[in-house]
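Data first, discussion second: the structure below is written as structure tokens.
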Amino acid sequence: MTPRRSVILDLCVQAEFHTLLLLSLYLLFAGHNQPGGGFAGGLVASCAFGLRYVAGGSSALSRSISIPATTFLGVGMLFAILTGCVSLLTGHEFLESAIFSADLMVLGTVKTSSVLFFDIGVYLVVLGMALLLLEQLGGADGTDPDEVQP
Amino acid sequence: MVEQAKMSVLLVLPIVLPLLAAALAIIAYNHRTLQRIVAVGALIAVVADSAFLLVAVERDGVQSVQMGAWPAPLGITLVVDMFSALMLVISMVTVLSVLIYAIGQPGVDHDQPVFHPVYLVMTAGVALSFTTGDLFNLFVAYEITLAASYVLITLGGRREQIRSGMTYIIINLLASTLFVVGIAWVYAATGTVNMADLAVKIAQLPSGTQTALSMFLLVVFGIKAAIFPLFFWLPDSYPTARMPVTAVFAGLLTKVGVYSIIRTQTLLFPQNRPSTILLVCAGLTMAIGVLGAIAQNDMKRILSFHIVSQIGYMILGLGLFSVAGVAGTVFFIFHQIPVKTALFLATGLVEQSTGSTALSKVGGMIRRTPLVAGLFLLAALSLAGIPPFSGFVGKLGIIQAGFGAGEYAIVGVSLVVSLLTLFSMIKIWNGVFLGTPEDPTLRLASATSEERLSTPVLMRGATVALVGVTLAIALFAGTLFDLSERAAQGLLDPSAYIQQVLG
């Protein structure tokens, strides 16, 4: 018997998917001074893709994202480490943080720190890790037992 | 100012470069050549960097940097003293040789896109363990190393690998949990996890609390270092992995545990007389390890038990708590890392050309592959401590220190163990390199053409290089022993270390 796709779940996931991604970005940027951060943001983004997987199996997942999960992992690591190296190159200690503020007209003065870039790296690593898990444990070898027919 | 900036770079590179290379290698997931270039390039740079660090420490004493510029007791400090620098140099040389060996061996990195990234992450973890000056950061370093080692030990996914991999993972998770609990206790008692700060604050605690913390950390690192009675997991799990992985684990990972024991016992819980518990552990580790080795009939398993046995010597030298003893230990670890790895690499060459490492199946290798036989012999004699090889210098240093401290019983044990080590090396020699193969189904027995016995040139080259390193250690034993003595003085009188970190 081929399992049938649940319409309710499908529609809910479609409605939630982008909202969750937006929330994850909010958490990422809010993270420095408020609850959130790269790790929490990355987890929320992973949940969004996890829901896609639950609703439609690994084919739905691969349709919604075309970049390999390993690239997320690698780029995330690069981001995090290079953030540390930038301070080293400018004559400070490894991972030393700096604070920037910019006047963004309507938004007012926005203050951010170089930790943000480290957090973006963490976000990408967490997301890449989750995608890799879904890909590897979810039947990436083409014999997906849970493949759901629309 | 410029000096300090340069030092900041030199000190973080052994951790940053492998991680950076790992990131690039995972992006180049399906481009093996690119992965290889990145990995080898990064490790060559790290070897050069550690050599610079050793020179800097030799010239200017202990070096440190505060990561993120947070001042010492609060932030994470990286510290390199003579002991760390020596360990860093030799372990990075070993890691590089094994990487080249692994690239040469068919089927190790070729079918495994994750091999290079994971191997590099493990290297970063090992480098961080040797350079961190913070107890909690040491835990992080362990976790980085272990997470990578879980992947490496089960790489290939054969049935027995998964089974023994489970043992390995469970025992290490248990040890890690205990480690965190131990750190929590230390923090509860002192309010700090910076090791230099701890050295000052632990000394002010009541002696009962000190003993409890000291023993707890000894158990945690004892599991990692495989000292008696916490060694049982090692001979079970190591031999099942692919040979380059087994070799690098055998050479490095237990030594990271020993390093941590030495660092914590000398810096946090200093003593000025021999520690009975360490000496008893050392004796039992040596004896049980070598007896286990004698009972085995497979090269990999014999050598795995010898890892345990040799750990005993290192603990013995430390347990004496004298400059001579600790210097012997430092030199011994320095020699042991490449020797042990070289032995496993030579065993890998035997396995590669015959398809087996069982003493009963393989035989007559000396006629077929004299190079492998020669490499194994040199490393084996060094392991057994035959003069003029490097093992002799290390053992002599430890044994003389034992006599100096009047610990005749333990010295006696170590001498007997040395003889038994020689015995089991001869057993391998007779079984594998002399005699004739008993199992006609093996490739070796049926092979008539030379090409079947030949091994990839990179595998041989890497083994030759590492055996060359062990011979160089014997050749420059005088200089290295002087450095080891300075390392030991720094360990037993950590005032320079504390001064450098806390300022």
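The values are calculated or read from the model by the stated rules, or taken from the named source; none is laboratory data. Since the model is a prediction, treat every value here as computed from it, not as a measurement. Glycine gets a Cβ as well: all are built from the backbone with ideal geometry, and neighbour counts include every protein chain shown. Accessible surface is based on the protein model in full, side chains and every heavy atom, while ligands, DNA and RNA are left aside. Shrake-Rupley method; radii C 1.70, N 1.55, O 1.52, S 1.80 Å.
Sequence-distant contacts, meaning Cα pairs under 8 Å at least 6 residues apart, place the relative contact order of chain B at 17 percent. From zero up to wherever the largest Cα-Cα distance of chain B sits, split into 10 Å bins and tell me the percent of pairs in each. The distribution over chain B is 4, 21, 32, 27, 12, 3, 1, 0, given as percents.
Residues B:Lys6, B:Lys300, ordered by accessible area of protein heavy atoms at a 1.4 angstrom probe radius and largest first, appear as B:Lys6, B:Lys300.
Heavy-atom accessible area, probed at 1.4 angstrom with all protein chains present, ranks B:Leu128, B:Leu471 as B:Leu471, B:Leu128, highest first. Heads up, I need the accessible area for A:Glu16: 1.4 angstrom probe, whole protein in place, Å², nearest 10. The accessible area of A:Glu16 comes to roughly 90 Å². Short-range pairs are left out: with C-alpha atoms under 8 Å and at least six residues apart, the relative contact order of the stretch A:11-133 is 31 percent.
Return the tail of the calculated pair distribution for the stretch B:1-151, meaning the percent of Cα-Cα pairs more than 21 Å apart.
Working: 4897 of 11325 pairs.
In whole percent, the share of Cα-Cα pairs in the stretch B:1-151 beyond 21 Å is 43.
Evaluated over the Cα positions of the protein assembly as shown, the convex hull gives a direction-averaged projected area, one quarter of its surface, of 32.5 nm². Here the simple spin-label model places points 7 Å from the Cα toward Cβ, and for A:Ser101 and A:Phe39 these points are separated by 2.9 nm. Remark: the stretch A:19-150 carries a charge dipole of roughly 280 debye about the Cα centre, counting +1 on each Lys and Arg Cβ and -1 on each Asp and Glu Cβ.
In this Cβ point-charge picture (+1 for Lys and Arg, -1 for Asp and Glu), chain B has a dipole of about 820 debye about its Cα centre.
By accessible area, using a 1.4 Å probe on protein heavy atoms only, the stretch A:7-137 has 73% of its surface on carbon and sulfur.
Can you give the charge dipole size of the stretch B:323-429 about its Cα centre, rounded to the nearest 20 debye, using +1 on the beta carbon of Lys and Arg and -1 on the beta carbon of Asp and Glu?
For this selection, approximately 340 debye.
The helix-only estimate of mean residue ellipticity at 222 nm for chain A, built from DSSP H runs of length n ≥ 4 each weighted as -39500 (n - 2.57), is -22500 deg cm²/dmol after division by the residue total. The B:Lys6 and B:Val200 beta-carbon pair, evaluated with R₀ = 41 Å, returns a calculated FRET efficiency of approximately 0.90.
When DSSP beta bridges are restricted to pairs lying wholly in the protein assembly as shown, around 90% turn out antiparallel. What base-10 log of the normalised intensity I(q)/I(0) is obtained for the stretch B:118-254 from the Debye formula, alpha carbons as equal point scatterers, at q = 0.14 Å⁻¹? Normalising to I(0) and taking log10 leaves -0.67. Scattering from the stretch B:1-80 was approximated by placing one identical point on each alpha carbon and applying the Debye formula without solvent; log10 I(q)/I(0) at 0.15, 0.16, 0.22, 0.24 1/Å stands at -0.62, -0.68, -0.97, -1.06. Using C-alpha pairs under 8 Å with a sequence gap of at least 6, the mean separation divided by the residue count of the stretch B:242-369 gives a relative contact order of 33 percent. Inverting the pair-averaged 1/r between distinct Cα atoms of the stretch A:3-114 gives 16.6 Å as its Kirkwood hydrodynamic radius.
Taking each residue as 0.36 nm, the span from B:Ala188 to B:Ala45 lengthens on full extension beyond its C-alpha to C-alpha distance by 47.4 nm. Accessible surface area normalised per residue over the protein assembly as shown is 40 Å², counting heavy atoms of protein chains with a 1.4 Å rolling probe. Distance from the C-alpha centroid of the stretch B:340-362 to that of the stretch B:255-306: 25 Å, rounded to the whole angstrom.
Using the Cα coordinates of the stretch B:176-242, the gyration tensor eigenvalues translate into equivalent-ellipsoid semi-axes of 30, 12, 9 Å, sorted from longest to shortest. Assuming R0 = 51 Å, can you tell me the calculated FRET efficiency for the pair A:Gln136 and A:Ala30, based on Cβ-Cβ distance, to the nearest 0.05? Approximately 0.95, to the nearest 0.05.
Taken along its principal axes, the alpha carbon cloud of the stretch A:12-72 reaches lengths of 38, 28, 13 Å, longest axis first.
Legend: distances between Cα atoms for B:Lys300/B:Lys395; B:Lys6/B:Lys201; B:Lys340/B:Lys361; B:Lys224/B:Lys340; pairs beyond 20 Å are B:Lys300/B:Lys395; B:Lys6/B:Lys201; B:Lys340/B:Lys361.
Once the Cβ-Cβ distance of A:Leu9 and A:Ser64 is raised to the sixth power relative to R0 = 22 Å, the FRET efficiency obtained is 0.90.
Candidates A:Val7, A:Leu104, A:Val126 compared by Cα position along the dipole of the stretch A:7-137: farthest toward the positive end lies A:Val7, with charges placed on Cβ. What's the center-to-center distance, using Cα atoms, between the stretch B:172-240 and the stretch B:1-61 in Å? The stretch B:172-240 and the stretch B:1-61 have Cα centres spaced 29 Å from each other. With θ taken as phi - 60° and the Karplus curve 6.51 cos²θ - 1.76 cosθ + 1.60 applied, the whole-hertz 3J(HN,Hα) list for the stretch B:170-175 is 5, 5, 6, 5, 4, 4 Hz, x standing for glycine and proline.
Dividing the summed -39500 (n - 2.57) terms of all DSSP H runs of n ≥ 4 by the residue count of chain B sets its mean residue ellipticity at 222 nm at -25000 deg cm²/dmol. Dipole orientation for the protein assembly as shown: of the candidates B:Tyr101, B:Phe221, B:Ile27, B:Tyr101 has the Cα lying most toward the positive pole (charges on Cβ; Lys, Arg +1; Asp, Glu -1).
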